[in-house]
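Before anything else, here's the structure in question.
The values are calculated or read from the model by the stated rules, or taken from the named source; none is laboratory data. Values in this document were obtained by computation on a predicted structure and should not be read as measured data. Note that we place each Cβ from the backbone using ideal geometry, even for glycine, and neighbour counts take in every protein chain shown.
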Amino acid sequence: MATREVPTVPAASSGSAQLSSASGASAQPQSVLTLTGAAKTFGPVVALADGTIDIRPGEIHALVGENGAGKSTLVKILAGVHSPDAGEFVVGGEHVAFRSPADSKAAGISVIYQEPTLFPDLTVAENIFIGRQPTGRGGIINRREMRRQARELFATLGVPIDPDRIAEGLSIADQQIIEIAKAISLDARVLVMDEPTAALSGVEVERLFTVARGLRDKGAGILFISHRFEEVFALCDRITVMRDGRYVSVHDTAAATVPGIVKEMVGRELGALFPKVVAPVGDTVLSVTGLSRLGVFTDIGFEVKAGEIVALSGLVGAGRTEVARAVFGIDKYDAGTVHLDGKPLPARSPQASITAGIGFVPEDRRKQGLVMDLSVARNATLTLRKSLARFGLISGARERRLAEEWSARLQVKTGSQDYAVSTLSGGNQQKVVLAKWLATEPRLLIVDEPTRGIDVGTKAEVHRLLSDLAGRGIAILMISSELPEVLGMADRILVMHEGRISAEYSREEATAELVMHAATSAQEVAR
Amino acid sequence: MSTITEEKTGAMHSVRSFLRAREIPVAGALVALVIITTIINPRFLSPQSLKDLMLNATIVIILAVGQALVIITRNVDLSVGSILGLVAFGTGTLFDVFAGIPIPLVFLAGMVFGGVLGAINGLLVTAAKVPALVITLGTMYIYRGVLTSWAGSKQYFSGDNPREFGALSVDTVFGLPIITLVAIAVVIAVGFFMRAVRSGRDLYAIGSDPDAARLFGLAVSKRVLAAFVANGALVGLAGVLYTSRYNSVGALTGSGLELDVVAAVVVGGVAISGGTGTVVGAAIGAVLLSTITGALTATRVDKFWQQAIVGVLILSAIIVDRIVSVRNARKLRVSEARDV
Amino acid sequence: GGDDGGGGGGEGGGDLTMAFLPKQLNNPYTDVVLGGGEDGAEEAGFTSSVLGPLEASASAQIPFIEQATQEGTKVIVIAANDPDAVGPSLSAAREAGAKIVAFDSDTNPDYRDIFISQVVAKDVALIQLEIISEQIGGAGDIAILSATATASNQNEWIKFMEEELESNADYADINLVAKVYGDDDADKSFQETQGLLSSYPNLKGIISPTTVGIAAAAKYLSTSDYKGKVALTGLGLPNEMREFVKDGTVVEFALWDPAQLGYVAAFAGKALVDGDITGEEGDSFEAGELGTIEVGENGVAIVGPPTRFNADNIDDYDF
Amino acid sequence: MSETLTASIVKSRSAIGKRLIGHDAVIIYVLIAVVIVSCLTVRYFASTLTVGFLLIQVIPILLLALPMALVIISGEIDLSVASIAGLTSAVMGVLWRDSGWDIVTVMVASVFVGVVCGAFNGFLITTLGLPSLAVTIGTLALFRGLALVVIGDQKVANFPKELNIFVLSKIGATGIPVVMIFVILIIAFFAILLHFTPFGRGLYALGYSTEAASFVGIRVGHAKFWLFIATGTVAGLVGVFLTLRLASAGPDNGTGMELSVIAAVLLGGVSIFGGKGSIPGVIGGVLLIGVLTYSLRLAKVPETALIIVTGSLLVISVVAPSVTAWAKERIRLSRVHKVVQGSSTLGSTHA
Ligand SMILES: Nc1ncnc2c1ncn2[C@@H]1O[C@H](COP(=O)(O)OP(=O)(O)OP(=O)(O)O)[C@@H](O)[C@H]1O
Ligand SMILES: Nc1ncnc2c1ncn2[C@@H]1O[C@H](COP(=O)(O)OP(=O)(O)OP(=O)(O)O)[C@@H](O)[C@H]1O
Ligand SMILES: [Mg+2]
Ligand SMILES: [Mg+2]
């Protein structure tokens, strides 16, 4: 059907046939995909003013830019989700105007979106092959074959996910991995990955890279978006830089330097990425003892003192988020106690935790951190509902003032306080989440992956923020899968492995090797 | 852990999918109901009353199958009662206006008519991107209004239709009334389509997360529209059969049917939020609900209690369904922990 | 559709207006009644209009009473879905100067000036018993398939039947085993009939004193094994029953001429407006070609005797 | 440039501006228009009688629409309201006939039945976490069935005359029913609850996303439970009102009202997906249907046409916005195009 709609090479299959020829003529590679001067506006917001990218077969091409630079918007144009208001778009030498993602797929472009998009009710295997399940005669789906292929894919990615499990309840990490499996299984000639590593930790990232390089060597063109420069420089051949919705420049990685790129991204010099100032440590704020939940975590015990930043490190799936959720009262726990300022905290009651002075920045911004369809203002003040009310009645004016004050303090970039947060870029959304919790002036702030999918500039801000908060005597529990962040920000580091705390290091003694070892070693043995 | 072996997961799979099969409890309830009733009143399974049970179930089975298609895509069609009324009256009119019109042609006409009405719903839902519940609530009124102004006080009686047409709901082929056979055929065909054909699976994906489906490039609008049209056509079929089955069709035919049908589908284990459940389940739900009434009369339960009991039945079906799915979730968590 | 709310379309506050409020629009029986009614109204010099809900429920009738009131209608001719529920709004209408004629199904006597009854309620009850008794040979189980459980006319007839079964020696061997309600809904009546036959093995006959019920029951019998084995009678419309009389499912049933009912009601309205009568017992008024009608005890006027319909005479009638 | 463009358009859509072109505002404009047109063109319409009859007729729907709006905003639905009203009416009848209590006690007890029904819904939906649409289809049948069980096929009609006179009595010459005073109080209660309290704020949030709501300490289950109590209670009041207004308690009072209520609420701009809607809009929706029906009947428009009108209103009310939005988008694009082209030339030279 796609062949009719799209004036371009029909299907992915024949696309891969072309790849060989393309890589054959790799003397001076001609582009497999070029987008020039693409523009996209949403109501008043100009998401993309000049989206320009050029991908060659057999290259891995990085796209970097601050939050809100327009990367994801550009991706969605490549994917056929948005049709650009202006600009020209050439795939395989032919002008195209995609009317739907189907068109894009038919043109041999396969996309991993920034936010995982799985079908919770379908099995993992079906999620991967939906719409193109292997069929026997008469178009009847062959489930056994489908499972086999899924299992093969996971083998290549080296992850033990059961293809027959329904997607419901998978951790973000597992979801992201399934997205990757889905995308590579299309063996398209252009593979677009919008921050695929944001939710992954070292091991998975390495496997992903191996796979990506494999595809590149088979002649596919890959667009890779990430806020982590070490990844960009390790993996990519060329780098395109964007700022404020506009194309800035393109470099060969060999010739590029991190400071140079960063300068072009932010348009200014950056301060330290980890501005950690050691704050005077006060008395214990949070103390957790013998916390256990069947099948998720066991006998967790630790303390967080005022002015201290404690990092909870470990591989994705170690159960850190579950611990945090249990402490905050989202999930129940089977055994153990949680004390705040020496007073026991009732289980299963976020409201109690909030009034007691805990703030929780959850790992999944979209589903848990924000009410995406609600305005920025409403989101920013959601935690203040009770304190906003006088005689039980809320004053809209005060609500608004507070919202403006806090989004100003965190420099949230938005058209208006009345826009739905869904229209903000990933980074700006995260700022709103932080804003609404800081507004409650908490005693303890739990942050789960606080800088996931956040650009260097904002990242530095967030870190400075956390550091200030600690300085002002707030206790901070930080879950992070990013080692540099952990090492750079934490006073103490707890390492979790398979639901247990496997090691604890002070800021001084901690090293990348020690932490990685504590997080993985046992597992390496098991494998 | 990546050394999970083929046959092991194969086994795990079959076990899980059985546990996940939401129609098991409903089927059980149905069997239990029939057995108990028969013990109290053996005539409940006498040929005639058995035939009646099947005939009563027939029409709502077809409606439930159609509705299930729509609900699985996270939509709903409340206008089915009115559509059925329109088609039924249309059928009567056909026989009246074109005496001696071939019966197959009437069925075709009925299904096309229903399909068109369904398409109107589908187009409004997909093109204007507005919630189906609102749209079909609207068309429920509109279609009913059209029917009442069309029919006025005119009614068509079984006498006005050709004998052999009425015979469809009387004659039996190896014990089964012809129209019931039609219903069974529908269930099998649609059920197979939903399980083993790609576009069928798409419907589940769409219901599971419409936005993801759109991003992924599934033809969401097309599929949803198709679901509404198919539902309309099935309602059309049911409408024609209704005319053959019952004495009279007129302005009020089929009114108030919509909630019964949705109830049947839900009882059959199709999640109202889409993405899960099967048409077979829906069909069983339909049989259960249509049998309960007969069972209650047969056991001479005070007529005032009957509706209340139907309500209790619907509720318990939902609760059981819930328990089953919670059990599955817990199983998942544990196996999850093992996978880590 | 002929008799929507718009039918008749009377416009005129001051002049002589008459509003007919049937239990429900689009009901064949109702149409015949209203047909007679409109003729009557015309002869009596009234402009008539038909107001009514699409489904037969007490609360649905009320807005139309209020509408008639607001339009300053002189006469409201109503067939009550519920004898009491329509009360308050009828009282309001009377205060606004309207005369209330109940017909077909009575309201609580406090709320109307006069009730035009098809026939003597007792006669209707008895004739149906007579017919069924003849057909089942004076002995065996019978059941009643009624309309809504609250329909006053139905309940009155059923009461008389029960009394007669008690008292009359000829009916000693007949016992009434069940009363079921089809709510004047074809499907429901149909299924109730099924229920009866499946739960009462040796049921000999069914009486259905409502046109919808008897038609549905006949349809079921004619398609089941019980055809010819189980007798069926009651009150039916010849046009609806013709098929079943022809195919032997039903031997004989009864009814009055519904048209006369509306016709007389119209003239009763005129008489009330002209002040010829007040609805007292002993009053009498001219009902056009039907001659003089007497008002009986507590304001009930009787139109005429019921008729029996069977294979021999059914083709002489068309309603 | 993006800033300037943004700024210019943001001004044009200040908060107040939004309110004046919002869905609920539009509904109210239409309502006013219909009233004016009817007064001018429909015979008998412009009269105090209209006020009285009309209000009395819409009160049940109006009352039920209020808690229903909150329930739908919170992302749930309650189809059982009409049945609850029916059950309440039945219980009231039986109590009055058999208990020998004075009428006030009877009325209070009956309303309490409504509360219990609501709690039952709430329990199944929040505690057991069952889908409300499915549950309330079940209780729709259950409660109506119980009404039959309670009162059977009888009717109870001998309620104190003065009470049903009171229910129909008007405030002086205004033609406004006295009971409207209570109705207004209830309206005020729900309006404030939804628009000016933390609870209301919470409702909008959890209407969009229960998960995110629970992360800011909104007790989702708790909140929804109380909403169903509210629908139950109001349904109980409506049951009592119907009984007195009809001077007759029976099993079938209020049958089929649930869909009219939901239709009115949706017409009033409440989003069936939850998160959107306002009390003024809902009231507008209820009155619009009420007035239109009333005046069309007076205008001798056939009943059958009235159903079509109601249905069309509903469809148009949801389709119209997306159509206008689509049109706006087209216009805007054509304007934006030029702006962007002008600015993007620089970029394109890079390729
Ligand atoms: N659907 C939308 N409606 C309105 N504005 C939008 C929409 N999508 C994106 N935007 C705006 O467009 C700009 C670019 O967003 P985009 O998501 O492309 O940035 P990004 O580069 O992906 O940022 P991040 O690195 O945080 O993902 C942002 O300012 C955002 O607010
Ligand atoms: N909602 C859920 N339902 C079922 N299992 C879950 C759910 N969330 C996570 N899990 C599983 O629980 C374990 C812990 O996952 P989780 O993602 O919380 O670990 P983590 O250390 O927080 O990883 P990260 O925070 O980096 O995503 C993993 O096995 C994960 O698959
Ligand atoms: Mg992005
Ligand atoms: Mg986590």
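Can you tell me which residues in the stretch A:174-200 are of a type outside the set (A, V, I, L, M, F, W, C) and more than 16 Å from ligand 2 (Cβ to nearest atom)?
Once the filter is applied, which keeps residues that are of a type outside the set (A, V, I, L, M, F, W, C) and more than 16 Å from ligand 2 (Cβ to nearest atom), the stretch A:174-200 yields A:K182, A:S185, A:D187, A:R189, A:D194.
Kindly indicate the residue of the stretch C:201-227 that is in contact with an Asp or Glu (Cβ under 8 Å, 6 or more places away or on another chain) and within 7 Å of chain B (Cβ to nearest Cβ) and also farthest from C:A143 (Cα to Cα) among those meeting that condition.
Residue satisfying both the conditions and the ranking: C:S224.
Still on this structure, I have one more. Looking at the stretch D:258-298, which of its residues are of a type in the set (K, R) and either assigned to a helix (DSSP H, G or I) or within 11 Å of chain B (Cβ to nearest Cβ) (or both)?
If the condition is that a residue be of a type in the set (K, R) and either assigned to a helix (DSSP H, G or I) or within 11 Å of chain B (Cβ to nearest Cβ) (or both), then D:R297 is the only one that fits.
A further question on this structure: Applying the selection to the stretch A:421-449, what residues are surrounded by fewer than 22 Cβ atoms within 10 Å (Cβ to Cβ) and within 16 Å of ligand 4 (Cβ to nearest atom)?
Of everything in the stretch A:421-449, nothing turns out to be surrounded by fewer than 22 Cβ atoms within 10 Å (Cβ to Cβ) and within 16 Å of ligand 4 (Cβ to nearest atom).
Shifting gears a bit: Looking at the stretch A:96-105, is at least one residue away from ligand 3 (no atom under 16 Å from the Cβ), in a strand (DSSP E or B) and not hydroxyl-bearing (S, T, Y)?
No, because not a single residue in the stretch A:96-105 is away from ligand 3 (no atom under 16 Å from the Cβ), in a strand (DSSP E or B) and not hydroxyl-bearing (S, T, Y).
Okay, moving on. Which one of these is without any contact (Cβ under 8 Å) to a residue 60 or more places away in the chain, of a type outside the set (S, T, Y) and more than 14 Å from chain D (Cβ to nearest Cβ): A:K343, A:K367?
A:K343
For the subset of the stretch A:403-423 comprising residues that are aliphatic (A, V, I, L, M) and away from chain D (no Cβ under 13 Å), which member is nearest to ligand 1 (Cβ to nearest atom)?
Step by step, filter the stretch A:403-423, then rank; the result is A:V412.
Hey, any hits in the stretch C:222-239 for a residue that's within 25 Å of C:K159 (Cβ to Cβ) and aromatic (F, W, Y)?
Taking every residue of the stretch C:222-239 in turn, none turns out to be within 25 Å of C:K159 (Cβ to Cβ) and aromatic (F, W, Y).
Moving to a separate point now. Which of (1) in a strand (DSSP E or B); (2) buried (at least 24 other Cβ atoms within 10 Å of the Cβ); (3) more than 15 Å from ligand 1 (Cβ to nearest atom) does A:V64 not meet, given it meets every other one?
Every listed condition holds for A:V64 apart from (3).
Right, another one. Can you list the strands (runs of 3 or more DSSP E) lying wholly within the stretch A:227-318 that have 3 or more residues being in contact (Cβ under 8 Å) with a residue 24 or more places away in the chain, out of contact with any Phe, Trp or Tyr (no Cβ under 9 Å at 6 or more places or on another chain) and more than 30 Å from A:A39 (Cβ to Cβ)?
Passing ranges, in order: A:284-293, A:297-305, A:309-314.
Take the residues in the stretch B:325-340 that are of a type in the set (A, V, I, L, M, F, W, C) and modelled with pLDDT under 75; name whichever of them is farthest from the chain's Cα centre (by Cα).
Checking each candidate, the answer is B:V340.
Hey, another quick one. Going by what's in this entry, would A:D174 be described as more than 16 Å from A:F209 (Cβ to Cβ), in contact (Cβ under 8 Å) with a residue 60 or more places away in the chain, acidic (D, E) and away from every other protein chain (no Cβ under 11 Å)?
no
If you don't mind, another one. Which of the residues spanning the stretch A:109-129 are within 16 Å of ligand 3 (Cβ to nearest atom) and among the acidic types (D, E)?
A:E115 - this is the single residue of the stretch A:109-129 that is within 16 Å of ligand 3 (Cβ to nearest atom) and among the acidic types (D, E).
Separate question: Mind telling me which of the residues D:R144, D:R201 ends up being of a type in the set (D, E, K, R), surrounded by 23 or more Cβ atoms within 10 Å (Cβ to Cβ) and over 19 Å from the mean Cα position of the chain (by Cα)?
Going through D:R144, D:R201 in turn, just one is of a type in the set (D, E, K, R), surrounded by 23 or more Cβ atoms within 10 Å (Cβ to Cβ) and over 19 Å from the mean Cα position of the chain (by Cα): D:R144.
For the stretch A:67-84, give me each residue that is outside any helix (DSSP H, G or I) and either within 20 Å of the chain's Cα centre (by Cα) or surrounded by fewer than 24 Cβ atoms within 10 Å (Cβ to Cβ) (or both).
A:N67, A:G68, A:A69, A:G70, A:A79, A:V81, A:H82, A:S83, A:P84
Consider A:T52 carefully, then state whether it is modelled with pLDDT under 90, in contact with a helix residue (DSSP H, G or I) (Cβ under 9 Å, 6 or more places away or on another chain) and more than 16 Å from ligand 4 (Cβ to nearest atom).
no
Between residues in the stretch A:435-464 that are within 12 Å of A:H227 (Cα to Cα) and residues that are of a type in the set (S, T, N, Q) and within 16 Å of ligand 3 (Cβ to nearest atom), which pairs lie under 6 Å by C-beta distance while being six or more apart or on different chains?
Once the first residue is within 12 Å of A:H227 (Cα to Cα) and sits in the stretch A:435-464, its partners that are of a type in the set (S, T, N, Q) and within 16 Å of ligand 3 (Cβ to nearest atom) give A:I454/A:Q430; A:D455/A:N67; A:T458/A:N67; A:K459/A:T451.
May I pose another question? So D:T255 clears everything in (1) within 14 Å of chain A (Cβ to nearest Cβ); (2) surrounded by fewer than 24 Cβ atoms within 10 Å (Cβ to Cβ); (3) part of a loop (DSSP other than H, G, I, E, B) except one condition, right? Which one?
So D:T255 meets the others, but not (1).
Let me ask you something else. Would you confirm, using the coordinates I've provided, whether B:G159 is at positive phi, buried (at least 16 other Cβ atoms within 10 Å of the Cβ) and of a type outside the set (F, W, Y)?
Judged against the criteria, B:G159 is not a match.
Show me the helices (runs of 4 or more DSSP H) found entirely inside the stretch C:143-261 where at least 3 residues are in contact (Cβ under 8 Å) with a residue 24 or more places away in the chain and within 21 Å of B:Q307 (Cβ to Cβ).
Where helices (runs of 4 or more DSSP H) fall fully within the stretch C:143-261 and carry at least 3 residues being in contact (Cβ under 8 Å) with a residue 24 or more places away in the chain and within 21 Å of B:Q307 (Cβ to Cβ), they are C:186-199, C:211-223.
How about the stretch D:74-184: which helices (runs of 4 or more DSSP H) wholly inside it have at least 1 residues that are modelled with pLDDT of 90 or more and of a type outside the set (D, E)?
Ranges flagged: D:81-94, D:103-122, D:132-151.
Right, next: If a residue has to be among the acidic types (D, E), within 27 Å of A:R464 (Cα to Cα) and more than 22 Å from the chain's Cα centre (by Cα) to count, how many in the stretch A:306-361 make the cut?
Qualifying residue count, the stretch A:306-361: 2.
Being touching a strand residue (DSSP E or B) at 6+ places or on another chain (Cβ under 7 Å), aliphatic (A, V, I, L, M) and within 16 Å of ligand 1 (Cβ to nearest atom) is true for just one of A:I112, A:I141, A:I166. Which residue is that?
So the residue among A:I112, A:I141, A:I166 that is touching a strand residue (DSSP E or B) at 6+ places or on another chain (Cβ under 7 Å), aliphatic (A, V, I, L, M) and within 16 Å of ligand 1 (Cβ to nearest atom) is A:I112.
How many residues does the stretch B:185-219 hold that are in contact (Cβ under 8 Å) with a residue 24 or more places away in the chain and more than 7 Å from chain A (Cβ to nearest Cβ)?
Number of matching residues: 11.
Might you check whether a residue that is within 26 Å of D:Q57 (Cα to Cα), more than 14 Å from chain C (Cβ to nearest Cβ), under 16 Å from the mean Cα position of the chain (by Cα) and not in a helix (DSSP H, G or I) occurs anywhere in the stretch D:210-231?
No, the stretch D:210-231 contains no residue that is within 26 Å of D:Q57 (Cα to Cα), more than 14 Å from chain C (Cβ to nearest Cβ), under 16 Å from the mean Cα position of the chain (by Cα) and not in a helix (DSSP H, G or I).
Inside the stretch D:141-190, can you point out the residues that are at the interface with another protein chain (Cβ under 7 Å from one of its Cβ atoms) and touching a Ser or Thr at 6+ places or on another chain (Cβ under 8 Å)?
Selection gives D:A141, D:L142, D:R144, D:D153, D:K155, D:A157.
Checking the structure you have, find out if any residue of the stretch A:206-215 is buried (at least 22 other Cβ atoms within 10 Å of the Cβ) and of a type outside the set (A, V, I, L, M).
No, there is no match, as no residue in the stretch A:206-215 is buried (at least 22 other Cβ atoms within 10 Å of the Cβ) and of a type outside the set (A, V, I, L, M).
From the list B:G239, B:G277, pick out the single residue that is part of a helix (DSSP H, G or I) and more than 9 Å from every other protein chain (Cβ to nearest Cβ).
B:G239
Quick test of your reading of the structure: A:G427 fulfils all but one of (1) more than 28 Å from A:S387 (Cα to Cα); (2) of a type in the set (G, A, S); (3) at pLDDT below 85. Name the failing condition by number.
Among (1) more than 28 Å from A:S387 (Cα to Cα); (2) of a type in the set (G, A, S); (3) at pLDDT below 85, the lone unmet condition for A:G427 is (1).
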